[in-house]
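Here is the structure we will look at, set down as structure tokens.
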Amino acid sequence: MHAFPTDYDQYAATYAWTRWAVPWVVAPLARVVDGLPSGAAVLDVGCGTGNYARALSEHRADIVCAGFDISKPMLREAAARPSRARFVVGDASRAFPCRDRVVGLAFAVDVIHHIERLATFFVEAARVLAPGGRLVLVTDSEDNLRRRSLTKFFPEILPIELQRYPPVAALHEQAAAAGLRLLRQERAEGRIPLSHEFLSKLAAKCSSAMRLLAPRDHAAGMLRVREAQARGERWLSCYMVLHYGREAGVSMATP
């Protein structure tokens with residue numbers, strides 16, 4: 001996996017406007033939350049502007065939901081919106097700001113490709129999970145990357161994404177090394193109308209990958225999207241959802 005520059009500190013306000021908690025990602029997370037006891041802790045790893053932490057805290061008012069992120073400007077945007085969730089600073093590549101064995105659900109939505117030290121990430125996830133707790137990663141497989149509308153309309157993004165995202169098999173290996181077992185994997189996908197509002201968000205480069213494109217490639221992609229809008233097409237958003245739990249009797253590894 002190759003590192004690419006990101007600018008979330010400078011982009012926080014635009015990100016808060018262009019991104020939201022999509023129902024097809026909320027749904028599998030909410031199903032896990034539904035199985036937790038009252039008062040259970042839910043941790044949003046790399047929470048950004050807090051969309052999913054906020055959505056889950058609204059889904060169940062009796063859970064304790066918190067999120068952490070390395071970007072203080074993103075956290076300021078998260079805290080600016082009314083929510084039961086709490087937000088703190090933390091680096092998921094180094095240490096989760098959480099006590100041992102207290103989290104019923106730790107989840108990360110479209111974050112894992114930003115993690116520099118995957119081994120540390122998985123060890124920390126295993127450390128904070130309560131007995132029976134679950135780690136859920138929402139990420140992209142190679143199949144997703146090739147199918148989704150982002151790479152259909154902006155094909156120059158595909159080679160960038162194939163370098164940025166760790167293969168799903170590599171995630172399974174890192175999880176297993178930390179004592180986490182794959183419980184299930186599923187697809188989460190939905191379609192978004194190509195409204196004028198949605199096109200304005202694409203024009204503002206709502207995806208971090210779009211900000212890595214040459215201006216001419218972004219402009220060409222926007223032209224393709226406008227042509228698709230005229231044809232009445234919709235935007236395909238798709239993810240892979242990976243559910244992990246700690247192996248019984250397995251001690252936590254040290255990266």
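Just so you know, all these numbers are worked out from the coordinates, no wet-lab data involved. All of these numbers come straight from a predicted model, not from anything done at the bench. All Cβ positions, even for glycine, are placed from backbone atoms using ideal geometry, and neighbour counts span all protein chains on display.
Some notes on this structure:
- Estimated from helices alone, the mean residue ellipticity of the chain at 222 nm is -11500 deg cm²/dmol (sum of -39500 (n - 2.57) over DSSP H runs with n ≥ 4, per residue).
- Global size of the chain as Cα Rg and Dmax, reported in angstrom: 17.9, 57
- Considering only alpha-carbon pairs that sit under 8 angstrom and 6 or more positions apart, the relative contact order computed for the chain is 20 percent.
- Taking packing as the residue-averaged number of other Cβ atoms within 10 angstrom, the listed peptides 27-34, 144-151 run from highest to lowest as 144-151, 27-34.
- Averaged over residues, the count of other Cβ atoms within 10 Å places the peptides 182-194, 46-58, 77-89 in the sequence 46-58, 77-89, 182-194, highest first.
- What you get for region 8-246, charging only the Cβ of Lys and Arg (+1) and of Asp and Glu (-1), is a dipole of about 240 debye around the Cα centre.
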